[in-house]
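Participant: Sharing a structure below in structure tokens format, with a few things to ask.
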Amino acid sequence: MDFWGVIFDLCQGFSVTLKLFALTLVFAIPLGFILAFLSMVKFKPISFLTKVFIWIIRGTPLLLQCLLVTFIPSMVFDIPNKDFQSMLGLRTMADLQFTFVLIAFVINYACYFAVIIEGGIKNVSIGQHEAGKVLGMTKGQIFRHVILMQVVRKITAPMSNEIITLVKDTALARALSVIEIIAIAFEKVNKYAVLSPLLYTSLFYLAFSGVLTILFHYIEKKLSYYSV
Amino acid sequence: MNMLEVQNLTKSFGSHQVLKGVSFSLKQGEVLVIIGSSGSGKTTLLRCLNFLEQADGGSISVGDEEIFNASGKMNLSDHAMRDRRLHFGLVFQSFNLFPQHTVLKNVTLAPTLYQTAQLKKAKAGRNAIKEAKAAIETQGRALLEMVGLSEKVDEYPCRLSGGQQQRVAIARALALNPDILCFDEPTSALDPELTGEVLRVIRSLKDQGRTMVVVTHEMEFARGVADHVIYMADGIIEEEGTPEEVFGSPKSEKTKAFLAAGYNR
């Protein structure tokens, strides 16, 4: 077995893992905020539907959602996945599979984030809103300059939990034939009949979640310059 | 002419009527003190003045401008609402300072946002905005000096005592230069030894000619600072008059009972 060759291939697999991880965060965090706002809208039908949606997504397995997403083009829009791929301008089928997984991940994680964000927003005392109001600030200004930073601080710990879970959930992508690090590790296991690539893989995950843990610890410390 | 004219204000929460028709007026530079037991509607009255609650009936005028009338359509834009609201300032019982901002930023944040928005609307240049910001900061420092906190400008509120926090809140309310400054039990959340510093600031504001409405349980202070006293009970003005009249020779039995209980505390 060519040790460095295996490590190099695993690195390539891990880059796919990281790509899925990063893109999920980039889209799921803003979508989480949007869902959190929608579930707090005063107009009942909208907040109710949002809550039902969040319930469905949080109440079903992510793996199932990944699989279901792949059927949406053909079942809902009556477009074969092959055409869907060219419609999206994707070069390969693998790119399409990756896109499907990404969509499922974004929706799934946005729902978890939404619940955390909603909790964080509701946790900021009503007095903060009122203070902004009597000072003549608009709703947008109050949110941006008064509420948001307090929400960020309140949600950092629960968000870091979800985000570290996301690192490991990316392994599910393999079920949709996305070639990420675990898929490559199994390929090596089969090729060389040794288990060590699996061990190396776990070290990749460990190292990355370690980095994230340190990063979140740093952010929490940065944000704790004041107490409430 | 009256600075503030409130007529027949009513407000209910569900089936519970909290304000049952409250009318009073206030001249420029006068201090109105509102006393009464909890649940009498004092705080709701202040909140209606500051548009934190919308009254069900009655009207509010500042100067010769009617800023609220329950019978008229109140479909105001966010912007118009804000301009009306700025006639009043409010100091809360629980301070409600912004914990993530420094003391100075607490004072300058709202005026900076307001001015910047105004200037941008008038298509003013970057320099004009910069100058406006600098002016607001200078004014903020001056206000904090006035309340005796010039050494705390860069601190965060959590590092201050309750009395200091409340003085920051007063400076913050003054930064928008409201016509009428309202206080909602400004010392009720404070340890007894810290109330003095806050009351002194309010008294000095009276000396500067500020028009103020103060809801308080501090009877000695009320008697000393008020030009006019209102005793509220069950959503109506039970008795009103000069401090001498209300504290010295109350006519209503309810007022007598309240004052006797208050002094025995």
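The values are calculated or read from the model by the stated rules, or taken from the named source; none is laboratory data. This structure is a prediction, so every number in the text was calculated from the model and none was measured. Methodologically, a virtual Cβ is constructed for each residue, glycine included, from the backbone with ideal geometry; neighbour enumeration extends over all protein chains shown. Remember, those area values only see protein heavy atoms, side chains included, never the ligands or the DNA or RNA. Shrake-Rupley method; radii C 1.70, N 1.55, O 1.52, S 1.80 Å.
Participant: Can you give the angle from 0 to 90° between the axis of helix A:148-169 and the longest principal axis of chain A, with both taken from C-alpha atoms, to the nearest 10?
Facilitator: Approximately 20 degrees, to the nearest ten.
Participant: Distance cut-off 25 Å, Cα to Cα: go down the list A:Lys42/B:Lys11; A:Lys139/B:Lys27; A:Lys42/A:Lys222; A:Lys222/B:Lys121; B:Lys20/B:Lys256; A:Lys42/A:Lys139 and report the pairs above it.
Facilitator: Over 25 Å apart, Cα to Cα: A:Lys139/B:Lys27; A:Lys42/A:Lys222; A:Lys222/B:Lys121.
Participant: In what sequence, largest accessible area first, do B:Val214, A:Val189 appear using a 1.4 Å probe?
Facilitator: A:Val189, B:Val214
Participant: Let's test this: bin the Cα-Cα distances of region A:3-152 at 5 Å from zero up to the farthest pair and state each bin's percent.
Facilitator: Going out from 0 Å in 5 Å bins, region A:3-152 shows 2, 8, 12, 15, 15, 14, 10, 8, 7, 4, 3, 1, 0, 0 percent.
Participant: Further, regarding this structure: Per Stokes-Einstein, at 25 °C and 0.890 mPa s, what whole-number D in µm² s⁻¹ belongs to chain B, with the Kirkwood radius over Cα pairs as the hydrodynamic radius?
Facilitator: Translational D for this selection: 126 µm²/s.
Participant: Need the C-alpha centroid separation for region B:109-142 versus region A:207-226, integer Å.
Facilitator: 36 Å
Participant: Sort out the exposed loop trypsin sites (Lys or Arg not before Pro) in chain A (DSSP loop, at most 15 other Cβ within 10 Å) and tell me the longest stretch that has none.
Facilitator: The reported range is A:92-228.
Participant: Out of B:Gly140, B:Gly125, B:Gly57, any idea which swings most in a Gaussian network model of chain B, alpha carbons joined below 10 Å?
Facilitator: In this elastic network of chain B, the residue with the biggest mean-square fluctuation among B:Gly140, B:Gly125, B:Gly57 is B:Gly125.
Participant: For a quick check of your reading of the filter: which chymotrypsin sites (Phe, Trp or Tyr not before Pro) in region A:66-169 sit in a DSSP loop and have no more than 15 other Cβ atoms within 10 Å?
Facilitator: Passing both the DSSP loop test and the Cβ count: A:Phe77.
Participant: Run down the aspartates and glutamates and flag those whose C-alpha is under 15 Å from the C-alpha of A:Lys19, throwing out any fewer than 8 positions away in its chain.
Facilitator: Within reach: A:Asp95, A:Asp169, A:Glu180.
Participant: Given the DSSP H assignment, sum -39500 (n - 2.57) over each helix run of at least 4 residues in chain A and divide by its residue total; what's the result at 222 nm in deg cm²/dmol, nearest 500?
Facilitator: Theoretical 222 nm ellipticity from helices: -26500 deg cm²/dmol.
Participant: Using Cα atoms only, what is the angle between the long axis of helix A:196-223 and the major principal axis of chain A, expressed in degrees (0 to 90) to the nearest 10?
Facilitator: Once rounded, one gets 20 degrees.
Participant: Shifting gears a bit: Run through region B:103-149 and list the trypsin sites (Lys or Arg not before Pro) located in a DSSP loop whose Cβ has at most 14 other Cβ atoms within 10 Å.
Facilitator: Of the trypsin sites (Lys or Arg not before Pro), the ones in loops of region B:103-149 whose Cβ has at most 14 other Cβ atoms within 10 Å are B:Lys123.
Participant: Can you list the HN-Hα couplings for region A:68-81, worked out from phi with the Karplus curve (6.51, -1.76, 1.60; θ = phi - 60°), rounded to whole Hz and with x for Gly and Pro?
Facilitator: 4, 4, 5, 8, 4, x, 6, 6, 8, 9, 6, 10, x, 4
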